[in-house]
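Here is the structure we will look at, set down as structure tokens.
The values are calculated or read from the model by the stated rules, or taken from the named source; none is laboratory data. Source: prediction; values computed, not measured. Positions of Cβ are backbone-derived with ideal geometry, glycine not excepted, and every protein chain shown enters the neighbour counts.
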Amino acid sequence: MKTLTISRKSYTIRTYLAARFVLQRRSFAAFISGTYDKMKSWWNVGCALLLGLFVAGCNNGATVVASAADLATPATLTPVLRGGDKIKVTVFGEDKLSGEYEIDPGGFVSLPLAGTIPAAGLTKSQLESELAKKFKGDYLKNPKVTVDVSSFRPFYVLGEVQKPGEYPYKSGLNVLSAIAVAGGQTYRASNDSVLIQRDGESELKKFPLNTGVAVYPGDLIRLPERYF
């Protein structure tokens, strides 16, 4: 009797465990089947959130308040040349030397006779003087050189604007006109401040949102969300 009782108990336990295992598998399968569409929807939402975090991370540099020197920079200041800018060089009476050229990513420009010279960090008038020095010699006694910018590198607008993206630069831009180019503010946008990362700098600086803040080629403008 004792052996039979133990055997029945063992059989009952094994039967209970087997039935429990089957029920668990069926419940799990039903859960997967019933929530697949929801899981797919949440997956799409999650991907969108991760993309947003990735974009934000690309601009996750330090943010500091703009200094008095930054605020004193006039909006009419002539932008200096940088890599990616396209220039038109005219040498009076020398059609073979005149033409359109692009400043390379390293900041240099190559022209016939003048060779390769540094252009990044110079204004148009400064580059004209440098080219005149290079052209002057046995071939050209008194070269007259003019430099015009065919196109500056673009600027970028991100954050709480209607159409974030890349836009061609035009002289005289300020933060309000740049935001207008990007379709204007969203209803969540800050009304008193804007973040700007100047070309060549690694940090975002906080500026007041007014027409006195200039925008330059290569600037990254980020309009933050307001909290109240």
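Listed conditions (1) touching a strand residue (DSSP E or B) at 6+ places or on another chain (Cβ under 7 Å); (2) crowded, with 19+ Cβ neighbours inside 10 Å are all met by LEU122, apart from (1).
Per the conditions (1) in contact with a Ser or Thr (Cβ under 8 Å, 6 or more places away or on another chain); (2) among the hydrophobic types (A, V, I, L, M, F, W, C); (3) part of a strand (DSSP E or B), the sole criterion not satisfied by VAL80 is (3). Once the range 98-125 is narrowed to residues that are among the β-branched types (Val, Ile, Thr) and within 18 Å of THR78 (Cβ to Cβ), the residue that is modelled with the lowest pLDDT is THR123.
Please work out which residue is farthest from PHE155 (Cα to Cα), limiting yourself to the range 175-219 and to residues that are hydrophobic (A, V, I, L, M, F, W, C) and part of a strand (DSSP E or B). Spell out the reasoning first.
Start the filter on the range 175-219 by keeping residues that are hydrophobic (A, V, I, L, M, F, W, C), which leaves 175-176, 178-182, 189, 194-196, 204, 207, 209, 213-215.
Filter once more, so that each one left must be part of a strand (DSSP E or B): 189, 194-196, 204, 207, 214.
Numbers: ALA189: 19, VAL194: 15, LEU195: 13, ILE196: 11, LEU204: 14, PHE207: 17, ALA214: 12 Å.
The selected residue is ALA189.
Which ones in the range 193-228 are in contact (Cβ under 8 Å) with a residue 24 or more places away in the chain and of a type in the set (D, E, K, R)? Scanning the range 193-228 gives ASP199, GLU203, LYS205, LYS206, ASP219, ARG222, GLU225, ARG226. Screening the range 199-219 for residues that are buried (at least 19 other Cβ atoms within 10 Å of the Cβ) and under 12 Å from the mean Cα position of the chain (by Cα) and picking the one that is nearest to VAL175 (Cα to Cα) gives ASP219.
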